[in-house]
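Working notes for the structure below.
The values are calculated or read from the model by the stated rules, or taken from the named source; none is laboratory data. Bear in mind the structure is a predicted one, so any value in this text is a computation, not a measurement. Here the Cβ positions follow ideal geometry from the backbone for every residue, glycine too, while neighbour counts run over all protein chains shown. When the accessible area is computed, the model is the full protein with side chains, heavy atoms only, and any ligands, DNA or RNA have been set aside. Shrake-Rupley method; radii C 1.70, N 1.55, O 1.52, S 1.80 Å.
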Amino acid sequence: MNKKNSNKENSQPVLMRMFIALVFIVVFAFSMFPLTERNFYDTFVDIVKKEDVAKAQELVEAAKKIQAENNAKKDAEHMLENQALSIAATEKKVELKELFTNKSLKNNADAIGFIRNKAKPSIRRGLDLSGGVEFTLRLLPPDGAENTDGTPKTELTPQDIDVAIEALRSRLETQGINESEIFSTEGSDLITLRAPLATKQESQKIRQLVQMSARLSFNLVATDAMMAQERIKYFQNPEAYKPPTSYMMMKQPGRARDAMPLLVEIKPKMTGKNITLSRVNSAPGGWEIILRFNVDGARNFGDVTSKNVGRRLAIILDKKLYSAPNLNEPITGGEAQITGDFSQDEAKIVSDALNAGSLQFKVEVKSIESTDPTLGSESVKSGLYAGLAGLAVVVIFMTMYYLSAGLIASVSLIVNMVLILGAMAAFNATLTLPGIAGIVLTIGMAVDANVLIFERIREELQSGKTLKTALHEGFSRAFTTILDANLTTLLTALILMSVGKGAVRGFAVTLSIGIATSMFSTIFLSRLLFDTMLNVTKAKSLKMLNLFSFKNINFLKISRVAGIISIIMIVGSLAVFGIKGKTIFNVDLTGGIRLTMNYDKQVPVEDIDKFLKNSGFPSSRSSYKEQGEIKVLEVVVSDISATGAIANEKGNEDVSMIIANSLNKEYPESKFVGAGQSSISGLVGGLFRKAALTAICLAMLGILIYVTIRFEMAYAFAAIVALFHDVIIAMGVYLLLGYTISLPVIAAILTIIGYSLNDTIVVFDRLREDLGLIKNRSYKSIINESINKTLSRTILTSVTTLMVLIMLIVFGGAAIQDFVFAMLLGVIVGTYSSVFIASPLVALWHKKDQHDSIQDQEAVIVD
């Protein structure tokens with residue numbers, strides 16, 4: 001009877017944990033769908049109430065007709081599905097919100113936004129994976145801007161443009177549109193902005209974002225008597241009407257009450273510069289934006305409203321009149337409201353823009369074009385298949401090596417991938433090539449955690465403990481190591497995410513998500529699966545292969561030779577940096593010559609990039625885009641390569657024609673014709689570089705502080721030196737082999753830092769533990785023993801990570817090989833440094849110490 005009760009009690013926590021695990025997995029798995037964009041019209045019909053399906057289908061047919069008629073007109077702006085449906089609903093006087101069960105929808109604009117959200121894919125993909133939209137923008141000084149000498153400002157300086165680029169990037173990121181590419185055309189006031197799209201309809205949102213200056217003003221409306229007189233004049237001849245001096249005639253969109261034009265004073269009574277907070281609030285029939293002023297703003301607004309009770313106060317944003325409420329009494333509470341025919345999304349865009357502050361420039365949209373994936377569609381597919389193949393190889397290897405435990409690890413790993421993708425969807429993260437680098441690092445860390453646990457379980461079983469006790473001790477002893485390694489990497493990721501921009505932030509977001517899901521799948525789920533196995537099978541032993549067993553290798557002795565080799569490699573790498581100079585950077589970072597070419601037959605961009613690299617353009621980037629109904633090839637080459645090509649052609653200075661002729665020799669059916677060229681800046685400006693360097697420096701400082709607190713200064717110093725060692729040598733070899741550093745390779749460098757740090761912390765954690773357990777031994781001998789104990793785990797983790805990278809290199813296509821090869825070098829060098837650089841540096845720090853002299857200190861740390 002007691003035995004039955006005991007079994008029942010043991011099963012209860014397992015069932016509870018199983019329920020929690022299933023809830024997590026199901027929630028995140030459902031978040032992954034839909035994986036691709038759905039048709040807007042089909043989505044609309046699918047999500048309306050059953051009784052309204054026929055009405056929805058009728059609206060769709062009307063919208064399709066409106067869209068087709070508009071797009072058939074010459075020079076008409078291309079109409080999208082959401083615009084056509086909105087027009088159809090207005091013409092047929094249909095309240096779209098009534099067709100849905102969602103009661104939070106306020107108006108047709110809300111309903112359109114609801115359909116758009118249901119149609120978009122769960123995970124936003126970056127420009128490199130799915131393409132997007134390209135805007136050519138002209139930046140102009142704002143009205144009334146002056147130079148330092150008081151003269152009117154007619155153009156922006158390069159510094160102004162750099163600030164403008166980062167302001168636009170930040171504005172996109174507030175709306176979850178990450179990983180955009182923004183660069184300037186040298187010698188002009190034009191910039192190019194490329195952004196990934198979740199749906200085709202999102203291009204409208206981006207256009208609104210980039211054109212909104214967020215300049216807010218509060219202007220008095222003319223008296224009723226003056227308004228009546230001026231309206232009579234206005235309606236007699238609207239085109240010839242001239243308002244009185246200091247006034248302008250404005251019309252508020254949307255509301256019937258204010259459909260009549262309003263005469264508004266030109267000079268504002270106050271602006272929005274004193275706004276401290278803007279938020280969206282639900283209002284009857286729509287949405288409003290609540291504005292909160294600081295102390296000065298509240299006082300000024302109180303004065304304006306007190307002196308003008310009985311008048312109307314116009315609220316104008318970016319020269320558009322949104323509302324003009326009556327001032328029935330003084331408003332002294334420090335708040336104001338903007339009302340209008342907003343959807344919730346539109347109100348949020350305005351609110352976020354006001355919170356960010358007005359742009360110190362005007363934006364004109366010169367052209368809008370669609371772009372293909374910069375990696376090429378074939379490379380995206382092959383990269384996906386290669387990644388799945390790499391994951392399959394790791395699963396097979398883990399199952400073959402650790403048998404039943406490996407099967408549990410494989411289930412945990414697959415679940416971890418589901419959780420990562422589900423979490424990326426839930427948190428609106430953007431998946432890009434740098435993000436994939438974060439996922440690869442996460443896979444390595446997840447495998448590493450499982451290997452740590454299994455090797456600990458093996459040690460406990462070899463000491464004669466029962467399987468149940470060995471599992472408990474194995475998870476318990478490995479937990480501290482896993483926690484330290486993950487927290488150190490997470491700290492780095494959070495700093496990069498908060499301070500970095502673009503690709504740096506994208507990598508950090510994916511890595512942060514991966515660390516959180518890996519901790520759940522490794523610590524919680526794997527333990528749950530082991531406990532379930534024990535309850536079901538009543539197993540008494542756990543068989544594993546043991547191909548790597550090391551006990552007496554004197555690594556510190558070998559490290560002397562390794563240290564000399566490392567110094568030679570570092571000096572050689574620094575020499576490579578110096579000799580190559582600026583040529584180490586890809587056109588992503590340096591800018592160059594942008595060429596456009598017309599063609600008859602499309603050639604995969606990965607083939608073009610490979611051909612150009614072999615033809616003397618090692619730092620090129622190619623992509624296809626649509627200019628209206630014409631599709632063109634865009635190629636960016638470095639200034640140095642372009643100069644060399646001109647010299648070789650002896651007189652022909654048209655680089656686009658030179659490259660077109662070369663391509664035609666290789667691909668005669670394509671018939672490439674040079675259509676133009678211009679000089680462009682890199683994808684990152686001075687502010688971006690400053691943010692990236694600041695993020696990396698703060699990450700290093702964070703590592704130094706955390707490792708010092710958890711271990712001691714010697715460990716922190718050794719870890720930082722190992723990181724610099726790994727990055728310098730890996731990049732030196734990479735550049736020596738003819739590669740260049742691009743934005744994705746920067747993500748690979750961050751991956752090297754993360755991998756090296758994880759490897760080093762694992763060894764340090766075992767060293768700390770052994771220092772607290774082993775008596776009367778020298779520091780050096782304990783370090784040697786700790787490295788020997790963790791070496792099998794180091795080799796197994798590196799092997800599994802290399803398996804994934806090798807599969808990506810072999811089957812992933814030429815477009816990602818540079819990026820993956822950089823990571824592969826980093827894994828090899830990182831593994832080497834954790835054994836031969838980091839630990840020997842700790843030994844060197846404690847050269848005169850014997851273990852007895854620091855025993856008490858280390859015992860306290862272990863406790």
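Annotations for the structure displayed:
- So Ala164, is it in contact (Cβ under 8 Å) with a residue 40 or more places away in the chain and in contact with a Phe, Trp or Tyr (Cβ under 7 Å, 6 or more places away or on another chain): yes
- Residues in the stretch 438-492 that are of a type in the set (S, T, N, Q) and open to solvent by less than 20 Å² (accessible area, probe 1.4 Å): 7 in all.
- For the stretch 326-343, the candidate set comprises residues that are within 15 Å of Thr271 (Cα to Cα) and surrounded by 19 or more Cβ atoms within 10 Å (Cβ to Cβ); within that set, the residue that is farthest from the chain's Cα centre (by Cα) is Ala336.
- Only one entry in Lys780, Lys775 is within 30 Å of Ala716 (Cβ to Cβ), modelled with pLDDT under 85 and open to solvent by 10 Å² or more (accessible area, probe 1.4 Å), namely Lys775.
- Only residues that are open to solvent by less than 30 Å² (accessible area, probe 1.4 Å), outside any loop (DSSP other than H, G, I, E, B) and within 30 Å of Gln204 (Cβ to Cβ) were counted across the stretch 366-389, and they come to 3.
- Residue match in the stretch 580-598 (condition: at pLDDT 85 or above, over 29 Å from Gly732 (Cβ atoms) and β-branched (Val, Ile, Thr)): yes
- The stretch 7-66 - residue that is more than 35 Å from the chain's Cα centre (by Cα), more than 23 Å from Gln201 (Cβ to Cβ) and of a type in the set (Gly, Ala, Ser) and, of those, modelled with the highest pLDDT: Ala54
- Residues satisfying the stated conditions in the stretch 83-97, i.e. in a loop (DSSP other than H, G, I, E, B) and in contact (Cβ under 8 Å) with a residue 12 or more places away in the chain: Lys92, Val94, Glu95
- Residue list for the stretch 63-82, filter: among the small types (Gly, Ala, Ser) and surrounded by 20 or more Cβ atoms within 10 Å (Cβ to Cβ): Ala63
- Residue in the stretch 118-135 that is open to solvent by 40 Å² or more (accessible area, probe 1.4 Å), over 16 Å from Lys200 (Cβ atoms), in a helix (DSSP H, G or I) and not aliphatic (A, V, I, L, M) present: no
- Within the stretch 527-553, the set of residues being assigned to a loop (DSSP other than H, G, I, E, B) and loosely packed, with under 10 Cβ neighbours inside 10 Å comprises Lys538, Lys540, Ser541, Leu547, Ser549, Lys551, Asn552.
- Filter result for Ala392 (under 24 Å from Ser31 (Cα atoms), open to solvent by 10 Å² or more (accessible area, probe 1.4 Å) and free of Cβ contacts under 8 Å to residues at least 24 places away in the same chain): yes
- Test set (1) surrounded by 14 or more Cβ atoms within 10 Å (Cβ to Cβ); (2) free of Cβ contacts under 8 Å to residues at least 12 places away in the same chain - Val48 fails condition number: (2)
- Residue check for Glu95: surrounded by fewer than 22 Cβ atoms within 10 Å (Cβ to Cβ) and at pLDDT 95 or above: no
- On inspection, Leu85 fails the criterion of being hydrophobic (A, V, I, L, M, F, W, C), within 30 Å of Leu193 (Cα to Cα) and open to solvent by 20 Å² or more (accessible area, probe 1.4 Å).
- Among the residues of the stretch 400-436, just one is surrounded by fewer than 17 Cβ atoms within 10 Å (Cβ to Cβ) and either in a strand (DSSP E or B) or among the hydroxyl-bearing types (Ser, Thr, Tyr) (or both), namely Ser404.
- Pairs with Cβ under 6 Å, 6+ apart, first in the stretch 57-82 and under 16 Å from Ile115 (Cβ atoms), second among the basic types (Lys, Arg) and surrounded by fewer than 13 Cβ atoms within 10 Å (Cβ to Cβ): none
- Taking the stretch 639-667 as the range and being of a type in the set (Gly, Ala, Ser) and at pLDDT 80 or above as the test, the residues that pass are Ala660, Ser662.
- The residue that is most open to solvent (accessible area, probe 1.4 Å), counting only those in the stretch 21-38 that are more than 16 Å from Ser122 (Cβ to Cβ) and in contact (Cβ under 8 Å) with a residue 60 or more places away in the chain, is Phe24.
- Helices (runs of 4 or more DSSP H) lying entirely in the stretch 648-763 (those with 2 or more residues that are under 27 Å from Ser180 (Cβ atoms), open to solvent by 30 Å² or more (accessible area, probe 1.4 Å) and in contact with a helix residue (DSSP H, G or I) (Cβ under 7 Å, 6 or more places away or on another chain)): 686-710
- Filtered residue count, the stretch 285-302, keeping only those that are over 15 Å from Ser217 (Cα atoms) and open to solvent by 10 Å² or more (accessible area, probe 1.4 Å): 7
- Positions within the stretch 98-117 being open to solvent by 60 Å² or more (accessible area, probe 1.4 Å), modelled with pLDDT of 90 or more and assigned to a helix (DSSP H, G or I), in sequence order: Glu98
- Extreme residue, nearest to the chain's Cα centre (by Cα), among residues of the stretch 299-325 that are in a strand (DSSP E or B) and modelled with pLDDT of 90 or more: Ile316
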